[in-house]
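The values are calculated or read from the model by the stated rules, or taken from the named source; none is laboratory data. These figures come from a predicted structure and were not determined experimentally. No Cβ is skipped: glycine too gets one built from the backbone with ideal geometry, and neighbour counts run over all protein chains shown. In case anyone asks, the SASA skips ligands and DNA or RNA and just uses the protein heavy atoms, side chains included. Shrake-Rupley method; radii C 1.70, N 1.55, O 1.52, S 1.80 Å.
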Amino acid sequence: MSQEGRGEVVAPIAQPRVAILVGSSSDWGVMVEAAKTLKEFGVAYEARVLSAHRTPEALRDYVLGARDRGLKLLIAAAGGAAHLPGVVAAQTVLPVLGVAIESGAFRGVDALLAMVPMPAGVPVGCVGVGRAGARNAALLAVAILGVEDPKLWEALEIFRKEQSKRVLGQDLELP
Ligand code: RP5
């Protein structure tokens, strides 16, 4: 229904520019860090549980429609035999950032090794493991969007300066 029809002002729902995909809802406890970071920068995202192994058709449908829905890049996180980012990257030329999730006996090394050695021609920008990886995936997403979005660029520069100031403060606080 139109805003006029309702006789009230409704804030427009922001168009998601980033997708956060997780192979399982059990990954969300880590990837919520990416969601929080995108929110900090005011970047709208959509989050989905879609698995390369358990829901391959649904994943394919989602990825093939991603660009038409206005998404600019996808963050994909999974643990174990973590093929999610690679399978996503195989089906779109949108940038794909991978985050390895720690799970089971191999503590994330398995996921990392499943993501990094992609065949030449189908890149995944794998940023790391766990919460730090999730945060960096979101920060890298903001940086990529910031190339064409001066407000995001400026926000990132401010973020970096404040981060440096905080760390310099810690340096002075040591006994
Ligand atoms: C992967 O297997 C998921 O990404 C998750 O990290 C891991 C375990 O999944 P669940 O068994 O917890 O659903 O596919």
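Using only the Cα atoms of the chain, what semi-axes does the equivalent ellipsoid have when each is the square root of 5 times a gyration tensor eigenvalue? Give whole Å, largest first.
Rounded to whole Å, the semi-axes are 27, 26, 15.
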Return the long-range amide H neighbours of ALA47 (sequence gap of 5 or more, or a different chain), with a cut-off of under 5 Å between placed amide H atoms.
-> ILE20
Two-site label geometry, GLU154 and LEU113: point separation in nm, points 7 Å out along Cα→Cβ | 4.7
How many Å² of accessible area per residue for the chain, probe 1.4 Å?
-> 59
Heads up, the stretch 52-149 by the C-alpha gyration tensor (a ≥ b ≥ c square roots of eigenvalues; a/c under 1.5 rounded, else a/b over b/c prolate, else oblate) looks oblate
Residue-averaged 222 nm ellipticity for the chain, from DSSP H runs of 4+ at -39500 (n - 2.57), nearest 500 = -14000 deg cm²/dmol
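Pop the C-beta distance of ILE13 and ALA58 into the FRET formula with R0 = 22 Å and round what comes out to the nearest 0.05.
Details: r = 23 Å, r/R0 = 1.05.
Using R0 = 22 Å, I get an efficiency of 0.45.
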Taking a label point 7 Å from the Cα of LYS39 along the Cα→Cβ vector, which residues of the stretch 134-156 have an amide N closer than 20 Å to it?
-> 134-143, 152, 155-156
Ranked by GNM mean-square fluctuation in the chain (Cα springs under 10 Å), the top entry among SER164, SER24, SER51 is SER164
Roughly how many percent of the accessible protein surface of the stretch 18-173 is carbon and sulfur, given a 1.4 Å probe and a whole-percent answer?
-> 57
Residue by residue through the stretch 158-175, which ³J(HN,Hα) values in whole Hz follow from phi under the Karplus form 6.51 cos²θ - 1.76 cosθ + 1.60 (θ = phi - 60°), with glycine and proline marked x?
-> 5, 4, 5, 5, 5, 4, 4, 4, 4, 5, 4, x, 5, 4, 6, 7, 5, x
